[in-house]
Amino acid sequence: METLMDAFNDLDTSQKVYAVGGVVVAVVSVVALRKLFFNETKAKKEYPRDTVILHQIGRGPYAPSMTPFAVKLETYLRMARIPYQNVHGRQRSSKGKFPWMEYNGQGVADSDLCVKFLNQKLGMDLNRDLNPADRGVAQAMQVMAEEHLYWILRLFRWQYDNDKSLLVNAFKFGKFIIWMVRRKAKKDIWSQGLGRHSEGEVTEMFKKDLQSLSDFIGTKKFLMGDEPCETDCAVFGQLSQFYWQFIGTGHDTIIKDKYPNLAAYCERMKDSFWSDWDQCITHGGTREATK
Ligand SMILES: N[C@@H](CCC(=O)N[C@@H](CS)C(=O)NCC(=O)O)C(=O)O
């Protein structure tokens with residue numbers, strides 16, 4: 001790269017203009033040719049009607065996704081028995097994030113807005129048995145899991161020192177990608193606020209969240225009682241990361257060791273909605289997921 005820059009700097013002004021012009025023409029030609037020959041314009045895929053097309057980033061090593069929001073949305077689709085197809089790729093939502101979905105040609109960004117959209121469209125309400133006070137508590141639990149615990153996950157996964165084996169070996173992230181994601185995560189979490197605390201302070205907050213969830217679930221089978229509800233999808237999505245995919249963080253087995261009822265909860269959600277779990281994970285990156 002440096003040699004190229006040196007060579008460029010040695011050119012006189014008119015040569016520089018030709019060089020830059022040449023590069024621009026080459027790039028434009030490649031784009032045009034690809035569009036012409038590979039039909040890479042807006043080749044809208046044909047998907048079946050009345051089927052959710054769930055866009056996500058690929059299967060995870062020990063849980064179905066490294067993204068808790070994808071585990072949440074896919075669990076919801078299973079709980080609500082809504083037909084869906086996965087599309088694993090790098091195409092982001094209109095809001096720049098994963099996961100997202102299409103339904104009869106309409107794109108919907110954000111897992112929660114996807115749930116809301118489907119609830120309205122299909123007359124679904126998996127929280128229907130909750131009274132208003134319980135709905136309030138369920139909402140508060142979800143927000144704690146998704147807007148607090150999630151950021152703690154990002155800190156442990158991307159900012160604090162960990163052995164990176166999960167990211168490198170199991171998730172097949174190259175060094176450059178890790179560097180880029182770490183850099184962005186650091187910026188995001190600083191802006192969110194949690195990134196300004198020490199690791200010790202964050203660890204205390206982490207344990208307090210887990211303790212609160214553990215105390216609240218107590219001996220219940222699911223978050224709000226003996227039947228699963230919509231909010232379980234969100235809480236399970238987050239907990240699945242700490243229970244199965246927290247490797248190398250120094251707290252790998254914290255749920256199993258310190259919060260046995262949360263471990264049982266994770267296993268129960270898995271048994272209830274993911275009978276094909278083994279086909280939906282890559283077993284530490286050792287094989288392709290088949291579903
Ligand atoms: N509120 C969103 C959160 C989704 C989200 O934060 N996804 C992360 C992956 S865990 C993402 O796409 N990050 C990419 C980025 O921020 O550039 C939802 O519920 O879908």
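Here, each number is a calculation from the coordinates, and none is a lab measurement. Quick caveat: nothing in here was measured; it's all calculated off a predicted structure. Counting neighbours? That spans all protein chains shown, and the Cβs are built from the backbone with ideal geometry, glycine included.
Could you list, in their original order, any pairs among K95/K184; K116/K220; K172/K207; K208/K258; K116/K270 whose Cα atoms are separated by more than 21 Å?
Details: K95/K184 16 Å; K116/K220 26 Å; K172/K207 29 Å; K208/K258 12 Å; K116/K270 23 Å.
The answer is K116/K220; K172/K207; K116/K270.
Once Lys and Arg get +1 and Asp and Glu get -1 on their Cβ, which of Q241, H251, C280 lies farthest toward the positive end of the dipole of the stretch 209-291?
Checked the options; the winner is H251.
Modelled label-to-label distance, K172 and D278, 7 Å Cα→beta-carbon offset: nm?
That separation, rounded to one decimal, is 2.2 nm.
Stretch T253-D215 to full length: gain in nm at 0.36 nm per residue minus the Cα-Cα span?
Working it through step by step, the gained length comes to 11.8 nm.
Calculate, for D271 and S198, the FRET efficiency according to 1/(1 + (r/R0)^6) with r their C-beta to C-beta distance and R0 30 Å; round to the nearest 0.05. Each step should come with its number before you reach the end.
Working: r = 38 Å, r/R0 = 1.27.
Plugging the Cβ-Cβ distance into 1/(1 + (r/R0)^6) gives 0.20.
Quick check: net charge around F69, other residues with Cβ under 11 Å of its Cβ, Lys/Arg +1 and Asp/Glu -1? Present the calculation step by step, with values, prior to reporting the outcome.
Values: positive: K72, K97; negative: E74, D110, D112, E146.
My count for the surroundings of F69 gives -2.
All other residues with a Cβ under 13 Å from the Cβ of R135 taken together, and with Lys, Arg as +1 and Asp, Glu as -1, what is their net charge?
Here the count lands on -3.
Can you put W277, W151 in order, fewest other beta carbons within 10 Å first?
The order, fewest Cβ neighbours first, is W277, W151.
So for the stretch 132-280, averaging the separation of alpha carbon pairs under 8 Å that are six or more residues apart and normalising by length, what relative contact order in percent results?
Details: 114 pairs, mean separation 44.6, N = 149.
Normalised by residue count, the contact order of the stretch 132-280 is 30 percent.
Around G284, with a cut-off of 15 angstrom between Cβ atoms, what is the net charge of the other residues, counting Lys and Arg +1 and Asp and Glu -1? Before the final figure, lay out each step's value.
Details: positive: R59, K164, K172, R287; negative: D163, D252, D278, E288.
Spelling it out: positives minus negatives among the neighbours equals 0.
Efficiency by 1/(1 + (r/R0)^6): what FRET value for R92 and F117, r their Cβ-Cβ distance, R0 = 22 Å, to the nearest 0.05?
The value I calculate is 0.80.
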